[in-house]
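Beneath this line is the structure, given in structure tokens, with notes to follow.
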Amino acid sequence: MDYSRPETFLEGAVLLIDKPRDWTSFDVVNKIRKQLRQTLGISKIKVGHAGTLDPLATGLVIICTGKSTKQINRYQEMEKVYIAHIRLGATTPSFDLETDVDSTYPWEHITQDMVENALKKFTGEQDQLPPLYSAKSVDGKRAYKMARKGEEVGLKPQRITIYQMVLLSFHPPDLILEVKCSKGTYIRSLARDLGVELGSGAHLTGLRRTRIGSHSVEESISIKKFTEKLELL
């Protein structure tokens, strides 16, 4: 890709970015748009992302510029692969580390066989209730904003598909999963549901998106690297 030509980004570029922790997907979009404007002198350009990744998560985000923004829906429909770190025995309101633990549960009874059997139950097409602390829109308001204000959030289950789950590590109360799933799947909700299935509680302690369709995070670059490529022009 020729980073020196404004036309490269206006005609349409697809960037594979490794999102850092504590950045929103919109932060990535805004940073790239700002860099293109400042470095290449592009006064107006469309920039969008093909699938939100939670601020506490890291990994692959596909960024489209210019005419390539028309392809965003196609990328959003692709299956995703995540590495999920889950802690048993405790829950949080956000189902991850954004909020503090609100309840604790026994976890010593949980065996690897129990986890393996539970994973089989969550594989396939199913209805999943999104987290209250999510970007879902409810009556024109973001669910997470309503949840933070203590307002009642009326979320509806969403039809999703989990194609495959592999238990990569089991050192109770912590476990690591690789999850291949459809658009719209909340791994945080999966962690919560898995805890319930195991007669305990659970929440997400780490999440990394490693693949979108055939695109791997190994092919991606960091925001810092992208900025350096432009600044070296």
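The values are calculated or read from the model by the stated rules, or taken from the named source; none is laboratory data. Note that the coordinates shown come from a computational prediction; the quantities given were computed from them, not determined experimentally. Quick reminder, even Gly has a Cβ in these numbers, built from the backbone with ideal geometry, and neighbours come from all protein chains shown.
Scanning region 97-118 for residues that are out of contact with any Ser or Thr (no Cβ under 7 Å at 6 or more places or on another chain), outside any strand (DSSP E or B) and modelled with pLDDT of 95 or more yields Glu108, His109, Thr111, Gln112, Asp113, Met114, Val115, Glu116, Asn117, Ala118. Scan region 78-96 and tell me whether some residue there is without any contact (Cβ under 8 Å) to a residue 60 or more places away in the chain and either outside any loop (DSSP other than H, G, I, E, B) or under 24 Å from Gln164 (Cβ atoms) (or both). Checked against the condition, which is being without any contact (Cβ under 8 Å) to a residue 60 or more places away in the chain and either outside any loop (DSSP other than H, G, I, E, B) or under 24 Å from Gln164 (Cβ atoms) (or both), region 78-96 yields no hits at all.
With respect to Phe95, determine if the residue is surrounded by 19 or more Cβ atoms within 10 Å (Cβ to Cβ) and farther than 30 Å from Lys46 by Cβ. So Phe95 passes the test. Of everything listed in (1) at pLDDT below 95; (2) touching a strand residue (DSSP E or B) at 6+ places or on another chain (Cβ under 6 Å); (3) of a type in the set (Phe, Trp, Tyr), the single unmet condition for Tyr163 is (1). Tell me, yes or no, whether region 11-18 has at least one residue that is over 19 Å from Glu218 (Cβ atoms) and either free of Cβ contacts under 8 Å to residues at least 12 places away in the same chain or within 18 Å of the chain's Cα centre (by Cα) (or both). Scanning region 11-18, I find no residue that is over 19 Å from Glu218 (Cβ atoms) and either free of Cβ contacts under 8 Å to residues at least 12 places away in the same chain or within 18 Å of the chain's Cα centre (by Cα) (or both), so the answer is no.
Restricting attention to region 159-199 and to residues that are under 21 Å from His49 (Cα atoms) and not in a helix (DSSP H, G or I), the residue that is farthest from the chain's Cα centre (by Cα) turns out to be Ile160.
Only one entry of Gly184, Gly199, Gly206 meets the criterion of being surrounded by fewer than 17 Cβ atoms within 10 Å (Cβ to Cβ), closer than 17 Å to Gly59 by Cα and outside the structural domain of Pro20 (by TED's automatic domain parsing), and that entry is Gly184.
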